[in-house]
């Protein structure tokens, strides 16, 4: 009786203990990889940033117009810092994958393999988001300037709407790339976009009747004489 | 420096040029759908040539950009009995021909064709006049050509009689900036009727700018800038008032600014090695009998301009913060006085604003079109300020204010060179 209890109770415990002891080096290895890899990634990231600064990449970026391009896109004009951060995050991701691999657990290995296979899609989505962010800034600025020059009262709101319109399209494209809820994203985007267009049409029709009238008169050449009689100042 | 691609002429034009061989004077009339006015311009030109240059070999060219209203037909048939209008009874040795020009329709291609014909005919002097003029007199031809033939000038810029509120973009930006940059006081650098020497037409012909947007949008401004920046002898001729056929589809102000200011700023880049170290300016000789126009009060909607400036301050602040120096922006904020319903942008603040925008354009702090279009409320604010300051003044007194503005632009030029950065080589 005692023997069977021992066999039933202690053997699994012994097996678990043995397995844990067998797994312990892997766990320790994963911790060691993380403990070394994380600070190393941080240090290398900072090192790359400092090295680029010492090499005068800041000035070079200013000369070739990279800083201006970053400013135009609404980003901080600091390419050394951006490169350093990119380096840090890339090393950190590699470290985490290495640590997970060191655990040598079949389920984690499968998940890691799946995640690694997913990386190209993530990168593509990231590129789509980055381009979308740049484009949204450009569109928002163009809209803002055009609206202010046309003396539209809610120019800032209009620019914000343009920015979010572009971002929404970008987000939908990125999510589609990642394969997340493709149908819901497509339908949701269609509804949101139609709503924006309808809202714009209503806003233009109700709030900007005079503007629409003037625009039409200008197109048809009817408003020119009236404009001249109003203002005798000429620019050229 | 890139060389210009050679321009080819139509076969018929080539044959006519070969047949004529050589000419002393050439007058070019670029046209596009100007059937209503080109007849008057051609008759006036013929009279001017006959009256003032009767013993010279002269050529009249109509360079047409594909008119659909019968302009070339009117140009062919436009003629007159010269005998009744001539002091001299000698008939001029006048050749006349019409040439379609090749390339994109636009004045720059027409003018380039005229320069090419002038080069092939080895003309000593030439003039270009618009085909839509209603106020042109035969004396314009003498005033545009005589300084070149008799005084040795290379470029004759027009000086039209204008009301103090006509040509505000020239008055508040193009003139003071051109004067401060190149040290030459050409009061109306965007005049489209001008005289040129044979040497200058050859110089223009060699420029690669013909294939760029500079000449496509503002050919007149480019030619003036090119003449002053390349050290050609420049003078002005007083032509009196300029009345043109009214065009229905005029460009809106932001587009106009983009074209004019874009050309000025691009020319600044091309000629930075010329203007960077120059200081002060010299008056430009003015030919012709100058008289003052009426100082009738003009109706100007100042409120609308002030509202635009204030809207810019409210909404465009994040963009202006990138374009302008902090102290310039602070001064512009101080320029609005809502309680007094006034905007006052002092000359120095305006000069620094223009210089900041030029530097932002050059250093590409923002998209270039954004920089220029975001200047619209700034320009309107300055215009409102100028109108309020000069409302009770005569044209002459307002002109003195403009000259003072030019001096302030000159005094502030070191600020521009600081903001601009190092001089770089840019192809022309």
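The values are calculated or read from the model by the stated rules, or taken from the named source; none is laboratory data. The structure displayed is predicted, hence computed values, not measured ones. Don't worry about glycine lacking a Cβ; one is built from the backbone with ideal geometry, like all the others, and counts go over all protein chains shown.
Worth pointing out:
- The set of residues in region B:240-251 being within 12 Å of chain A (Cβ to nearest Cβ) and modelled with pLDDT under 85 consists of B:244, B:246, B:247, B:248, B:249, B:250, B:251.
- For region A:156-171, residues that are without any contact (Cβ under 8 Å) to a residue 12 or more places away in the chain and facing chain B (nearest Cβ under 8 Å) total 0.
- Residue match in region B:214-227 (condition: part of a loop (DSSP other than H, G, I, E, B), touching a residue at least 24 places away in the same chain (Cβ under 8 Å) and in contact with a helix residue (DSSP H, G or I) (Cβ under 8 Å, 6 or more places away or on another chain)): no
Matching residues to (1) farther than 14 Å from residue B:306 by Cβ; (2) within 12 Å of chain A (Cβ to nearest Cβ); (3) surrounded by 15 or more Cβ atoms within 10 Å (Cβ to Cβ); (4) in contact with a helix residue (DSSP H, G or I) (Cβ under 8 Å, 6 or more places away or on another chain):
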| position | (1), (2), (3), (4) |
| --- | --- |
| B:335 | no, no, yes, yes |
| B:343 | no, no, yes, yes |
| B:356 | yes, no, yes, yes |
| B:373 | yes, yes, yes, yes |
| B:390 | yes, yes, yes, yes |
| B:409 | yes, no, yes, yes |
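- Positions within region B:360-369 being surrounded by fewer than 23 Cβ atoms within 10 Å (Cβ to Cβ) and part of a helix (DSSP H, G or I), in sequence order: B:362, B:368, B:369
- For residue A:12: the one exception among (1) within 30 Å of residue B:362 (Cβ to Cβ); (2) at pLDDT below 85; (3) surrounded by fewer than 16 Cβ atoms within 10 Å (Cβ to Cβ): (1)
- Any chance residue B:379 is away from chain A (no Cβ under 14 Å) and closer than 30 Å to residue A:136 by Cα: no
- Residues that are exposed (fewer than 15 other Cβ atoms within 10 Å of the Cβ), within 17 Å of residue B:28 (Cα to Cα) and modelled with pLDDT of 75 or more do not occur anywhere in region B:155-162.
- Of B:174, B:129, all but one fail to be under 19 Å from residue B:224 (Cβ atoms), surrounded by 24 or more Cβ atoms within 10 Å (Cβ to Cβ) and in contact with a strand residue (DSSP E or B) (Cβ under 7 Å, 6 or more places away or on another chain); the exception is B:129.
- Filter pass, residue B:66 being in contact with a strand residue (DSSP E or B) (Cβ under 7 Å, 6 or more places away or on another chain), loosely packed, with under 13 Cβ neighbours inside 10 Å and modelled with pLDDT of 75 or more: yes
- Residue check for residue B:293: within 14 Å of another protein chain (Cβ to nearest Cβ), more than 26 Å from residue B:213 (Cβ to Cβ), part of a helix (DSSP H, G or I) and in contact with a strand residue (DSSP E or B) (Cβ under 6 Å, 6 or more places away or on another chain): no
- Number of the condition not met by residue B:396 [criteria: (1) in a helix (DSSP H, G or I); (2) farther than 25 Å from residue B:306 by Cβ; (3) at the interface with chain A (Cβ under 9 Å from one of its Cβ atoms)]: (3)
- Total residues in region A:109-152 satisfying the condition of being at the interface with chain B (Cβ under 9 Å from one of its Cβ atoms) and exposed (fewer than 15 other Cβ atoms within 10 Å of the Cβ): the figure is 1.
- Verdict on residue B:380 being buried (at least 22 other Cβ atoms within 10 Å of the Cβ) and either within 29 Å of the chain's Cα centre (by Cα) or part of a strand (DSSP E or B) (or both): yes
- Screening B:269, B:259 for residues that are within 24 Å of residue B:413 (Cβ to Cβ) and either assigned to a loop (DSSP other than H, G, I, E, B) or in contact (Cβ under 8 Å) with a residue 24 or more places away in the chain (or both) leaves exactly one candidate, B:269.
- Filter pass, residue B:167 being within 13 Å of the chain's Cα centre (by Cα), more than 12 Å from residue B:405 (Cβ to Cβ) and either more than 14 Å from every other protein chain (Cβ to nearest Cβ) or without any contact (Cβ under 8 Å) to a residue 60 or more places away in the chain (or both): yes
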